[in-house]
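The values are calculated or read from the model by the stated rules, or taken from the named source; none is laboratory data. None of the values given here were measured: they were computed from a predicted structure. Here Cβ is always computed from backbone atoms with ideal geometry, including for glycine, and neighbour counts include all displayed protein chains.
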Amino acid sequence: MKLILAVFVLCVAVAGSTVAEGCDETVVIDSVEYNVGERWCGQRLDSTAVADPTTLVRIPEQFCFEQFRIYVRPVVRDAFVLMAEAAAADSVDLIADSGFRSATFQARIISRRMEEGDTFERLIRFVAPPGYSQHETGRALDLVPSEARFVYTPVYEWLKENAAEFGFVESLPEDTSGFAARESWHWYYLPEIVESNPSPATD
Ligand SMILES: [Zn+2]
């Protein structure tokens, strides 16, 4: 079954990639096979990293943007609630607007954008190909405002200081090569990494 389980938007600003020669990783969308390109090559998620949607739990409404229904792994929900409560005590509001992303929903987004005339090569500068987004793992959360100015907010400031303590890492920070886009609003629950490298998000 090559038609992948999912397509996940990665809310990327700009990646500036082109389809690489020499990368043979492909995905199939609407029965057409596409090369994922250098931007994504080597980053396909291991199937064991992908969350089982039936095991996910909802982030409490008060921490969700406009009562969005946002789901993550139970352990991620618990860690996020603790972190959001700690932030609130510092007068900082941590509000999520995305967590686990449904395969079907995201596949439709890519498919629809291509129907509107966009090309796969252009889309994957902004959208993770099926099987490549951390949102598929149920460990990633996007926080409000999920856009470039997030990096200038007190929320970001607070997270840089405190998120590691709760097991969250800025997993898509500035990439000095200029190749991968930065997503300062995207936080990934990976306590193992945080423990082995206390300041992974420092740029
Ligand atoms: Zn994200």
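In table form, for the structure just shown:
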item: In region 119-150, the residues that are crowded, with 20+ Cβ neighbours inside 10 Å, of a type outside the set (A, V, I, L, M, F, W, C) and over 20 Å from Ala51 (Cα atoms); result: none
item: Residue list for region 84-106, restricted to those being closer than 24 Å to Arg73 by Cα and more than 15 Å from the ligand (Cβ to nearest atom); result: Ala84, Glu85, Ala86, Ala87, Ala88, Val92, Asp93, Ala103, Thr104
item: Every residue from region 151-168 that is surrounded by fewer than 22 Cβ atoms within 10 Å (Cβ to Cβ) and within 15 Å of the ligand (Cβ to nearest atom); result: Val151, Val155, Tyr156
item: Subset of region 45-66 that is outside any helix (DSSP H, G or I) and modelled with pLDDT of 95 or more - its residue that is farthest from Ala96 (Cα to Cα); result: Leu56
item: All positions within region 107-150 that are away from the ligand (no atom under 12 Å from the Cβ) and of a type in the set (S, T, N, Q); result: Ser111, Thr119
item: Subset tally (residues that are surrounded by fewer than 18 Cβ atoms within 10 Å (Cβ to Cβ) and at pLDDT 95 or above) for region 67-91; result: 11
item: Among residues of region 67-88, those that are in a helix (DSSP H, G or I) and more than 19 Å from Ser146 (Cβ to Cβ), counted; result: 9
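Quick grid of which residues meet (1) touching a Phe, Trp or Tyr at 6+ places or on another chain (Cβ under 9 Å); (2) modelled with pLDDT of 95 or more:
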residue: Val151; (1), (2): yes, no
residue: Pro154; (1), (2): no, yes
residue: Lys160; (1), (2): no, yes
residue: Glu165; (1), (2): no, yes
residue: Asp175; (1), (2): no, no
residue: Arg182; (1), (2): no, no
residue: Ile193; (1), (2): no, no
residue: Thr202; (1), (2): no, no
